[in-house]
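Chemist: I have a structure I would like to understand better, so I am pasting it below and will then ask my questions one at a time.
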Amino acid sequence: MVEPSLVLYGALYERAMGVLEEALRETGARYALLIDRKGFVLAHKEALWAPKPPPLDSLATLVAGNAAATQALAKLLGEARFQEVVHQGERMGLYVDEAGEHALLLLVFDENAPLGKVKLHGKRAAETLARIAEEAIANPPKLNLDTEYREGAKALLDELFGN
């Protein structure tokens, strides 16, 4: 089974949510997502005024795949990497930036959000999120199941299997 390459809990998750919220406020974007390079949504925030978002899991998976393809293109051209990617249509756009080695920042914006602001504040947010992701990798959360829970679960399993 494929699992996220990093997980955010507690204070790290709250910090990431704060960065995403600030990015929305500063850029005027509709949605901000922190995704891992496998396409899992690690954290997301939407502007209060934004309409219902597209399916975030599908969006994250497609963006992660596109980021991998973009990196392959960079290598073919002799570049170490392309750090950011912008897709801009008539009404909607995507800004994707590396948030360290393990994650990507995705901002979904409309024609009312100036691209310069999206890129400037997106870059800042990605740098901050990269530090949070590195902290999460360096200090993975430990699940502390207390004795009462462990004993209760064991008793239920014993009862279920007739032991």
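Coordinate-derived values only; no laboratory data. This is a predicted model, so every value here is computed, not measured. Cβ placement follows ideal geometry from the backbone for every residue including glycine, while neighbour counts extend to all protein chains displayed.
Chemist: Can you tell me how many residues within region 49-73 are aliphatic (A, V, I, L, M) and closer than 22 Å to Leu120 by Cβ?
Modeler: Going through region 49-73 one residue at a time, the tally reaches 3.
Chemist: Buried (at least 16 other Cβ atoms within 10 Å of the Cβ), out of contact with any Lys or Arg (no Cβ under 8 Å at 6 or more places or on another chain) and touching a residue at least 40 places away in the same chain (Cβ under 8 Å) - does that describe any residue in region 82-90?
Modeler: No, region 82-90 has no match at all.
Chemist: Condition check: outside any strand (DSSP E or B) and within 18 Å of the chain's Cα centre (by Cα). Does Ala32 satisfy that?
Modeler: no
Chemist: Look through Arg91, Arg131, Arg81 and report the one residue that is under 21 Å from Gly65 (Cα atoms) and basic (Lys, Arg).
Modeler: Arg81
Chemist: Name, by its number, the condition in (1) part of a helix (DSSP H, G or I); (2) on the phi > 0 side of the Ramachandran plot; (3) not β-branched (Val, Ile, Thr) that does not hold for Leu24.
Modeler: (2)
Chemist: I would also like to ask the following. Could you check region 86-132 and list, in sequence order, the residues that are closer than 24 Å to Trp49 by Cα and of a type in the set (Ser, Thr, Tyr)?
Modeler: The one that is closer than 24 Å to Trp49 by Cα and of a type in the set (Ser, Thr, Tyr): Tyr95.
Chemist: So, Pro4, is that one surrounded by fewer than 16 Cβ atoms within 10 Å (Cβ to Cβ) and part of a loop (DSSP other than H, G, I, E, B) or not?
Modeler: When the stated conditions are applied, Pro4 does not pass them.
Chemist: While we're looking at this one, here's another question. When you check Thr61 against the structure, is it surrounded by 13 or more Cβ atoms within 10 Å (Cβ to Cβ), polar (S, T, N, Q) and touching a residue at least 40 places away in the same chain (Cβ under 8 Å), yes or no?
Modeler: no
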